[in-house]
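A.B. asks: Here it is: the structure, laid out below.
The values are calculated or read from the model by the stated rules, or taken from the named source; none is laboratory data. Please read all numbers here as calculations on a predicted model, not as lab measurements. Quick reminder, even Gly has a Cβ in these numbers, built from the backbone with ideal geometry, and neighbours come from all protein chains shown. Accessible surface is based on the protein model in full, side chains and every heavy atom, while ligands, DNA and RNA are left aside. Shrake-Rupley method; radii C 1.70, N 1.55, O 1.52, S 1.80 Å.
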Amino acid sequence: MIYAERMTNLSRIIPAPRALFVFEAAARHGSFTAAATEFNVTQPSVSRCISQFEDDLGFKLFDRHSRGLALTSAGNVLFKSVQEGLTSVSNTIHTLRNSKKKLCLTMSLSSSFATHWLIPRLGEFNEEFPDIDLRFELVAGVMKEVTGDVDIATRIVEDNDPRYEIWDLAPEIIVPVCSPQYLERHGCLDDASRLAQQTFLHLTDHQKDQWKPFLGASYSEISSGGTWNQFSDYAVILQAASQGKGVALGWISVIANALRQGVLTRASAVQVDTGRIHRLIIPKNRAIPPLNRKICEWLQSRMAADLDILEIRAGDR
């Protein structure tokens, strides 16, 4: 009640709150003319406003003399109070304007794609989309149906699947990869005489016959008698390959960045284009924020840049 009464009384004392801003400007500049310029009004208008303000308050704010303006002692006290109050209000408004609740976006991705392609771009992503917080649902093995509250996912789906809005990301091209150091020590898979020296890094969810196109006539012998290290997480396979532990099958959508950076290199001149396409998808089961589409377009453009540098085209063999 006391606060309410004070505010009521204050509104009677200061019937025109704009006078506080005019007073603050005049006191800050020490000039009615400068205050008038700041508010884009005439000097007499500021002078009349201050005179009326002094009448409303019941005391003088300025001593006017030939050399200009000088705050009275009462004016100086009020000026400090008004500056503190207006600064506090300004800071609060600035904080509130810049503390908009961020949009939390859930992405369903393979752990390998997140680790080896997206994570190296997170800084760039955050600069491009500062109002987005990302939440990752990561899949270590074979990708399954999109469920739950996923906003954006990567999957291989038909281009006319009615459940999703769809953006092509990359063709499903498979090529054996290893570290440059490993290649120098062990040679490539195209040299049949050196196949017995190779260590194969294999995903347990996949059949070994995925290696057939790269091992040729030696496949049967190598698949049963070679050195095979098997993993349930494809991200770990690529990590091992990048550390020189063996040869892995590389899906171009995942390894494009590592190839471009020279962390991985091709271990064979042979590659397999399955004819399928890895796609970005947005489920249509709820409203889609326009920003989600912009994110898909941004991801698509970054992948396209990688593929251009690597001169990867769908249909290449």
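A.B. asks: If I ignore ligands, DNA and RNA and count only protein heavy atoms, how much of H29 is accessible to a 1.4 Å probe, in Å² to the nearest 10?
C.D. replies: It works out to around 90 Å².
A.B. asks: Now, a different point. In terms of Cα to Cα distance under 14 Å, which aspartates and glutamates are near enough to K245, apart from those fewer than 8 places away along the same chain?
C.D. replies: Candidates past the 8-residue exclusion: E184.
A.B. asks: Antiparallel as a % of all DSSP beta bridges within the chain, to the nearest 5?
C.D. replies: 55 percent
A.B. asks: Same structure, new question: Principal axis lengths of the range 1-138 from Cα atoms, whole Å, largest first?
C.D. replies: Result for the range 1-138: principal-axis Cα extents of 77, 42, 24 Å.
A.B. asks: Along its principal axes, what span do the Cα atoms of the range 137-209 show, with the longest given first and each in whole Å?
C.D. replies: Over the range 137-209, Cα extents along the principal axes are 50, 24, 21 Å.
A.B. asks: For a quick check of understanding: with a 1.4 angstrom probe and all protein chains in place, what accessible area in square angstrom does I13 have, to the nearest ten?
C.D. replies: I13 has an accessible surface of roughly 70 Å² with all protein chains in place.
A.B. asks: Quote the accessible area belonging to R293 in square angstrom, nearest 10, computed with a 1.4 Å probe and with ligands, DNA and RNA left uncounted.
C.D. replies: The accessible area comes out at roughly 80 Å².
A.B. asks: Starting from the Cα-Cα distance between A269 and I132, subtract it from 0.36 nm times their residue separation and give me the gain in nm to one decimal.
C.D. replies: 45.3 nm
A.B. asks: Mind computing the radius of gyration and Dmax over the alpha-carbon atoms of the range 24-75? Å is fine for both.
C.D. replies: Radius of gyration, then largest Cα-Cα span, for the range 24-75: 10.3, 28 Å.
A.B. asks: Right, another one. Please report the projected area of the chain's Cα convex hull averaged over all directions, in nm².
C.D. replies: 27.5 nm²
A.B. asks: How large are Rg and Dmax for the range 64-187 when calculated on the C-alpha trace, in angstrom?
C.D. replies: For the range 64-187, the Cα-based Rg and Dmax read 28.7, 93 Å.
A.B. asks: Quick one: if the Förster radius is 45 Å, what FRET efficiency do R28 and I2 give, using the C-beta to C-beta distance and rounding to 0.05?
C.D. replies: E(calc), rounded to 0.05, equals 0.90.
A.B. asks: Pairwise over distinct Cα atoms, reciprocal of the mean inverse distance: report the Kirkwood radius of the range 213-307 in Å, one decimal place.
C.D. replies: Averaging 1/r across every pair of different Cα atoms and inverting gives 16.3 Å.
A.B. asks: From the P(r) of the range 83-144, could you give the percentage of C-alpha pairs in the tail past 16 Å?
C.D. replies: Here the tail beyond 16 Å accounts for 61 percent of pairs.
A.B. asks: If r is the Cβ-Cβ distance from R97 to R276 and R0 is 41 Å, what FRET efficiency results, to the nearest 0.05?
C.D. replies: 0.30
A.B. asks: For a quick check of your reading of the filter: which GluC sites (Glu not before Pro) in the range 84-163 sit in a DSSP loop and have no more than 13 other Cβ atoms within 10 Å?
C.D. replies: Filter output for the range 84-163: E145, E158.
A.B. asks: Let me ask something additional. In the range 1-131, with Lys and Arg counted as +1 and Asp and Glu as -1 at Cβ, which of these residues, S110, N40, I13, has the Cα nearest the positive end of the dipole, that is, farthest along it?
C.D. replies: Result: I13.
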